[in-house]
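Taking it in order: structure first as structure tokens, then the write-up.
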């Protein structure tokens, strides 16, 4: 990012924005995010990636609607839940446009302990509890006029159609590409079971976070989960997507980006997360819906592998990389995780029954 451009954007939100310290914030693969240490207090400055979010103003407007709703809901339900509040510019605008047309927005900064791997069953239960709390608070928000932040997000048949077009045009690759190609063909039908249930009306939709991976959970110094970051993908969909993404992220031993050893899905962490979720709410799943929690986990793990691999095939234009081949390596790791999840299907399903009924 151009430093002068970033400082001009900071100045739109703080009078001393062009002079105060700036530091990159987080490990996100999509947007450019900075911590601005202004005299009025620290805040988060972010440039929305318009290649990913084609309608950035819809993202900004959604954020105001979602946070307004959550603020009212947590007061009414007397629930403790933290999230970053949107900031307006010094001229009361919801965003700032730079000279190149880039869209910047500001948010409050929430000090927290970021983790990439859960360290105890207690932390895992806390993670499940805070996701359930979000689902409770967001219940009813589906009636609001939310824009679609990412057209086609989590729609696995659409991702498969896009991949199929690229795969036909592509040539032979190396061993990792061959592994990914074979994984797609081996598991694509199995991964579509949740979509089939959706098509048949067997799953209810609700408001979901859309990206509740472990990096987006706010933990305090005592290991208590206090809230969720990154509300840009809040949307209407089955809560199975959220649970699947949460489990995929936090139950992968070795982390999502680790390549030293094959990924392994932890049953112990899975049980703790689902126990925390189930204790916080038993009302969000109708009869029979919990049977599809495993299918949501498999679908999301497969989907992410497919998206990484597709982005690799089209030249790494969606997920940010630091070196060539990053998205191919990410894809191979996700597909290896899919294999491990399928190998443990029976045990995972038994855990779901014990915790969610």
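Remarks
- For the chain, Kirkwood radius (reciprocal of mean inverse C-alpha pair distance, Å): 21.2
- Extension gain for the segment residue 343 to residue 99, taken as residue separation times 0.36 nm less the Cα-Cα distance, is 82.6 nm to one decimal.
- Taking the chain and dividing mean pair separation by its residue count, relative contact order in percent (alpha carbons under 8 Å, at least six apart): 19
- C-alpha center-to-center spacing [the range 290-357, the range 214-230] in angstrom: 22
- Cα-Cα P(r), the range 40-152, percent of pairs per 10 Å interval: 11, 34, 37, 16, 2
- Highest-fluctuation residue, 244, 101, 128 considered, GNM on the chain with Cα pairs under 10 Å: 101
- When shorter helices are ignored and each DSSP H run of at least 4 residues is given -39500 (n - 2.57), the per-residue value for the chain at 222 nm works out to -15000 deg cm²/dmol.
- At R0 = 30 Å, FRET efficiency that the Cβ-Cβ distance of residue 164 and residue 353 yields, to 0.05: 0.25
- In the range 214-292, Cα pairs under 8 Å separated by at least six residues give a relative contact order of 18 percent.
- Base-10 log of normalised Debye intensity for the range 156-276 (one unit scatterer per alpha-carbon) at q = 0.12, 0.20, 0.22 Å⁻¹: -0.62, -1.36, -1.40
- Estimated FRET transfer efficiency when R0 is 41 angstrom, pair residue 193-residue 15 (beta carbons, to 0.05): 0.15
- Highest-first packing order for the peptide set 245-254, 315-324, 197-206 is 245-254, 197-206, 315-324, based on the mean count of other beta carbon atoms within 10 Å.
Throughout, read-outs are computed from the coordinates displayed, never taken from laboratory work. From a predicted model like this one, the values you see are computed outputs, not experimental measurements. All Cβ positions, even for glycine, are placed from backbone atoms using ideal geometry, and neighbour counts span all protein chains on display.
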